[in-house]
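To start, the structure under review is shown below, and the notes come after it.
Values in this text are rule-based calculations from the coordinates and carry no lab data. Fair warning: this is a prediction, and the values are worked out from it, not measured in the lab. Because the Cβ atoms are built from the backbone with ideal geometry, glycine has one as well, and the counts that use them run over all protein chains shown.
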Amino acid sequence: MRWGALLAAVLSLCACGLQPLYGGGSSGTVATTLRSVEVSPIPERTGWLVHNKLVDRLGASGSARPAYRLDVTLDDNITSFGIRTDQAATRERRTLRARYQLVDLASGTVVLDATAGSDAGIDIVSSEYATVAAEQTAADNLADVVADQIVARLGAFALHGPAHR
């Protein structure tokens with residue numbers, strides 16, 4: 001009975017049209033498209049983090065002729081809250097939002113315009129050094145999340161094309 005249920009589940013997945021994003025491995029459509037994306041510089045420390053994480057995830061081969069350019073604009077914001085009676089904040093929320101555009105270099109047109117973002121909570125402690133370190137760790141973690149979201153969306157674009165924005 002179990003094998004029958006398992007077989008039915010596998011067959012239903014095949015019938016639903018799902019396909020692996022990175023089918024074909026490093027020579028597949030998605031992987032080759034992602035390698036053809038050059039990432040524009042992004043200002044500030046958090047921008048540098050996001051830029052490097054994107055370059056790592058895209059696997060840019062350093063080819064002389066990229067097909068696309070990825071332009072990213074970040075909004076990195078820290079908001080204090082949890083105010084004590086002495087007006088000192090006890091928590092912060094770091095929010096990182098990215099608006100990104102994928103530009104087809106052959107035509108100069110924007111083929112994908114989307115956003116990504118995440119946030120993290122930070123405890124404010126008596127040590128200023130510890131609070132700054134927590135803010136920087138949050139920035140690094142948020143850069144990971146935002147880069148993953150961007151690359152996943154670029155992968156879906158590469159798989160389905162501009163018709164499925």
Theoretical gain in end-to-end length, residue 87 to residue 104 [0.36 nm per residue, Cα-Cα removed]: 1.1 nm
Burial order of peptide ranges 101-114, 33-46 (average beta-carbon count within 10 Å, highest first): 33-46, 101-114
